[in-house]
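**Q** Can you keep this structure in mind? I'll have questions shortly.
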Amino acid sequence: MDNNSKANQIKRHVKAHIPKDWLCELRIILRILAETYKGMKRTGLMNLAIITTIAAILTIFGALFRTTLSVSAFAKELGSVLEVSVYLKSSANIDKASELISQISHVEKVNKITKQQAWEKFKKEIDVGDIENPLPDTLRVKIDEPENINETLEKIKKMTVVEDVSYAKEVAKKMEIVNHAVNTMTVIVMIISAILTITIINNTIQLVIQNKKEEIEIMRLMGVNNWYIKTPLILQGAIYGFLGALVALLPLKILQTGLQNIHTFFTVQNPILATNIVIMVIFILSVGFSAGGSLLSIKKHLQV
């Protein structure tokens, strides 16, 4: 074992037996906070530009993320209200057919529309004259979940009493495409937001390190622990992220109000805790990415 290793081992052994003094610990914490404040003070007006830029990035991400939750809610609601129209053969008994289809898994409800009812309604809308009723008996089948529609359709088609089936397949597909596109865009924006935030904080902390380089060298010569030097810089980055997220809440609040009005207009339930989830994710990502950017800058520009 070399001399340095022995010295470090002795140092750790001695520190482990030094009684903890909460006043001393409090002074260290206050000193770290003071160093963090000094670092932000050195940055000057750049603080405002940094926080504003981070807020703008988070606003774009938060808006897409919140919109994604609403689009998903609309897609789910649309899928749940889609009904499969089952047209029966002329020889089929509508009551027996309804009972058979009700027993199929994933079928929630079956509404019967006799050919006479359908014909009366049709004649009210269009004057067709005195012709024979060409319409079949129809069953409106409600499926429990959108993803179970295809499976249920295949079972219904195989029934001997069924002539044909139909449902708004194109509408469901288009809604699914929109939902997928918004989800993909949200992930892309999150990645871009992470890169931009880390880059901004990295460059900012680099400037702070350059400005207090001599002070850091003096602390190192005095034997100050590395964490004492690193913590104010990491904390400074985390504060930028927190303040940026705080500023981003204002435009997101406006967006939330607009989306709430849209949900109310279309009578679609607003996603439960959607706003709280978005706010929590924004703060976690912002503080995490900002602190991470500080850490990367420390490792790159500060050999401690």
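**Q** Once you compute Rg and the Kirkwood Rh from C-alpha atoms, what is the Rg to Rh ratio for the chain?
**A** When Rh is taken as the Kirkwood radius, the ratio is 1.29.
**Q** Then there's this: So between E215 and I191, what do we pick up on full extension, going 0.36 nm a residue minus the alpha carbon distance?
**A** 5.1 nm
**Q** In nanometres, what is the gap between the two model label sites at I254 and K41, each 7 Å from Cα along Cα-to-Cβ?
**A** Simple spin-label model gives 3.5 nm for this pair.
**Q** Could you rank the peptides 190-197, 62-69 by their average count of other C-beta atoms within 10 Å per residue, with the highest value first?
**A** The densest-packed peptide leads the list: 62-69, 190-197.
**Q** Here is a further query. Can you work out the Karplus-derived ³J(HN,Hα) for every residue in the range 88-97? Use 6.51 cos²θ - 1.76 cosθ + 1.60 with θ = phi - 60°, whole Hz, and x for glycine or proline.
**A** Computed from phi, the couplings for the range 88-97 are 8, 5, 4, 8, 7, 8, 5, 5, 5, 4 Hz.
**Q** Which far-off residues, 5 or more places away or on another chain, put their amide H under 5 Å from the one on E163, with H placed in the peptide plane?
**A** Under 5 Å from the amide H of E163: Y87, L88, K89.
**Q** Further question: Please report, in debye to the nearest 20, how large the charge dipole of the chain is about its Cα centre when each Lys and Arg carries +1 at its beta carbon and each Asp and Glu carries -1 there.
**A** 1960 debye
**Q** With the dipole of the range 126-176 worked out from charges on the C-beta (+1 for Lys and Arg, -1 for Asp and Glu) around the Cα centre, which of T152, V128, L139 lies farthest toward the positive end?
**A** T152
**Q** Can you tell me how much longer the chain between K174 and L135 gets when fully stretched, taken as 0.36 nm per residue apart minus their C-alpha distance, in nm with one decimal?
**A** Numbers: separation 39, 0.36 × 39 = 14.04 nm, distance 2.96 nm.
Once the chain is fully extended between K174 and L135, it gains 11.1 nm.
**Q** I would also like to ask the following. For the range 104-194, what does the equivalent ellipsoid look like in terms of its semi-axes, each the square root of 5 times an eigenvalue of the Cα gyration tensor, given largest first in whole Å?
**A** Values for the range 104-194, descending: 39, 19, 10 Å.
**Q** Output the pairs from K76/K142; K121/K155; K212/K300; K124/K173; K41/K213; K76/K109 with a Cα-Cα distance over 22 Å in this structure; if there are none, say none.
**A** K121/K155; K124/K173
**Q** Can you figure out the FRET efficiency of N225 with T184, using R₀ = 35 Å and their beta-carbon distance, to the nearest 0.05? Present the calculation step by step, with values, prior to reporting the outcome.
**A** Working: r = 45 Å, r/R0 = 1.29.
The calculated FRET efficiency here is 0.20.
**Q** Hey, if you put +1 on the Cβ of every Lys and Arg and -1 on every Asp and Glu Cβ in the chain, which of V182, A248, I60 ends up farthest toward the positive end of that dipole?
**A** Checking the options against the dipole of the chain, the answer is A248.
**Q** Can you give the calculated 222 nm mean residue ellipticity of the chain, where each DSSP H run of n ≥ 4 adds -39,500 (n - 2.57) and the sum is split over every residue, rounded to the nearest 500 deg cm²/dmol?
**A** Helices in the chain give a 222 nm mean residue ellipticity of -25500 deg cm²/dmol.
**Q** Using 0.36 nm times the number of residues separating V128 and S72, minus their current alpha carbon distance, what extension gain do you get?
**A** That pair, V128 and S72, stretches by 15.9 nm at full extension.
**Q** Just to be sure I understand the curve: with the Debye formula and one point per C-alpha of the range 193-245, what is log10 I(q)/I(0) at q = 0.17, 0.21 Å⁻¹?
**A** Evaluating at q = 0.17, 0.21 Å⁻¹ gives log10 I(q)/I(0) of -0.59, -0.80.
**Q** To the nearest 20 debye, what charge dipole does the range 83-167 have about its Cα centre, counting +1 at the Cβ of each Lys and Arg and -1 at the Cβ of each Asp and Glu?
**A** 200 debye
**Q** Ranked by Cβ crowding within 10 angstrom, fewest neighbours first, how are H106, H263 ordered?
**A** Taking fewest neighbouring Cβ atoms as first place, the list is H106, H263.
Each value in this text was obtained by applying a stated rule to the coordinates, not by laboratory testing. Note that the structure is predicted; figures quoted are calculated from it, not measured. FYI the Cβ positions are ideal-geometry reconstructions off the backbone, even for glycines, and counts take in every protein chain you see.
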